[in-house]
1. With a cut-off of 8 Å between alpha carbons and a minimum separation of six or more residues, what is the relative contact order of the range 228-364 in percent?
2. List the relative contact order of the range 1-145 as a percent without decimals, with contacts defined as Cα pairs under 8 Å and 6+ residues apart.
3. Take the alpha carbon atoms of the range 45-106, find their center, do the same for the range 152-185, and report the distance between the two centers in whole angstrom.
4. Could you check which residue among Val304, Val191, Val275 shows the biggest mean-square fluctuation in a GNM of the chain with a 10 Å Cα cutoff?
5. Using a Gaussian network model of the chain whose springs link C-alpha atoms within less than 10 Å, name the residue from Thr173, Thr286, Thr123 with the highest mean-square fluctuation.
6. Normalised by the number of residues in the chain, what is the relative contact order in percent for Cα pairs under 8 Å and 6+ residues apart?
7. If I build a Gaussian network model for the chain, linking alpha-carbon pairs within less than 10 angstrom, which residue out of Ala317, Ala359, Ala159 has the largest mean-square fluctuation?
8. So who's got an amide H within less than 5 Å of the one on Asp238, skipping anything under 5 residues away but keeping other chains? H placed 1.01 Å off N, in plane.
Amino acid sequence: MIKVLTVFGTRPEAIKLAPVVRALSSHPAIDHETCVTGQHRQMLDQMLSLFEIEPEHDLDLMRPGQTLPQITASVLTGVTEVLDRVKPDWIIVQGDTTTAFASAMAAFYKKVRIAHVEAGLRTGNMYSPWPEEANRKLVGQLATLHFPPTESSRANLLAEGTPDASILVTGNTVIDALQWVSARLDENQDVLVGDRFAYLSPGRRLILVTAHRRENFDGGLARMFHALRRVAERGDVDIVYPVHLNPNVRTAAQEVLGGLPNIHLIEPLEYPAFVYLMKRAHLIVTDSGGIQEEAPGLGKPVLVTRDTTERPEAIAAGTARLVGTATEPLLQAMVELLDNPASYAAMANAANPYGDGRASQRILERLIGEPV
Ligand code: UD1
Ligand code: UDP
């Protein structure tokens, strides 16, 4: 038996590691435990209950308005204590959050081998996304096994000198999660969604929005919200924006977007309801990493409100466009997609650059094959 501890703390890590946890915890050759740091609380708990994961360890670290040093220090010490108790052969971390970085650091200090899911994505700019670009690179330096989602992320790892034999391209586990949830939605939409979006007008096209990046707090969020407000004033769209619980985001959203009848600022949605809205949307405006990976498969145009992306595959596939956060370019890009059917059709082609839904199976098989 190999002993594996999977550690995560935020909403996107929970979605992307849920299929891995489900695969590992039901395999007879693996003794698996889950540790959540609680870097997020409500947004994490929504996903734990959906995927029926009951963590053996919950550090419950989230504090309102927490700072990067606070989360880093508390994850480092908290995960170290869990490692002392569990004594795993492997720790699994995902992506680029502070939970992933500080957990990998804790494992390194304990000489526990690290498997990194969603390895190798790079923008080449340490300040965009910030601090995620650095977090992901630092985990890569410490990891024994690297699971990049695509060939281009594998190439990034090779260019940095990562040994080829330690890399396996798996596809992104978010596609495993998306397929799992889509199947449940097909069977059970009445229960999972019901009539909760009855306020949306069938005559108006839906723009689905998310935003939360730290590098956009300093004016970027407000500039992009002004573009949303102006497009809403046309009157022929509904905007739904499940607002991230980060207080920096909520204040800016309320200030610029509050008070218009066709802008719906709502609480973060459970994953099935959010997937339903992605499917229903005419277009998506987001700075989220995960949504850039999910939307191409759904054939939805995505305007990415960032200056850089570590996910070039969606841009290459033609379904995503990097528009930055300045008001005018974002407004023009939305208007173009609303008013020009040819532009819309050019972006609305379904493509699946991020995987086939079998990423967690590949991760499981590779871990089992590793020397004890
Ligand atoms: C974090 C990750 C980011 C990831 C994002 C996904 C880091 C540095 N940032 O950013 O990479 O893309 O999650 O959403 O790892 N809050 C709540 N309840 C929650 C979640 C957050 O109240 O369930 C509030 C708290 O006040 C908290 C604040 O949001 O202090 C910020 O949370 P934090 O995890 O530090 O940063 P995010 O912006 O969520
Ligand atoms: N998501 C969700 N409910 C919401 C908003 C997003 O379930 O209200 C999902 C979305 O489909 C994607 C993930 O959360 O899988 C993205 O999380 P987030 O934007 O917080 O983080 P990022 O991907 O940018 O790291």
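Derivation of every value follows stated rules applied to the coordinates shown; laboratory data play no part. Keep in mind it's a predicted model, so treat the numbers as computed, not measured. We place every Cβ from the backbone using ideal geometry, glycine too, and count neighbours over all the protein chains shown.
1. Values: 184 pairs, mean separation 26.1, N = 137.
It rounds to 19 percent for the range 228-364.
2. 23 percent
3. About 21 Å separates the Cα centre of the range 45-106 from the one of the range 152-185.
4. Answer for the Gaussian network model of the chain: Val191.
5. So, out of Thr173, Thr286, Thr123, the one fluctuating most is Thr123.
6. Rounded, it is 16 percent for the chain.
7. Ala159
8. Arg205, Leu206, Ile207
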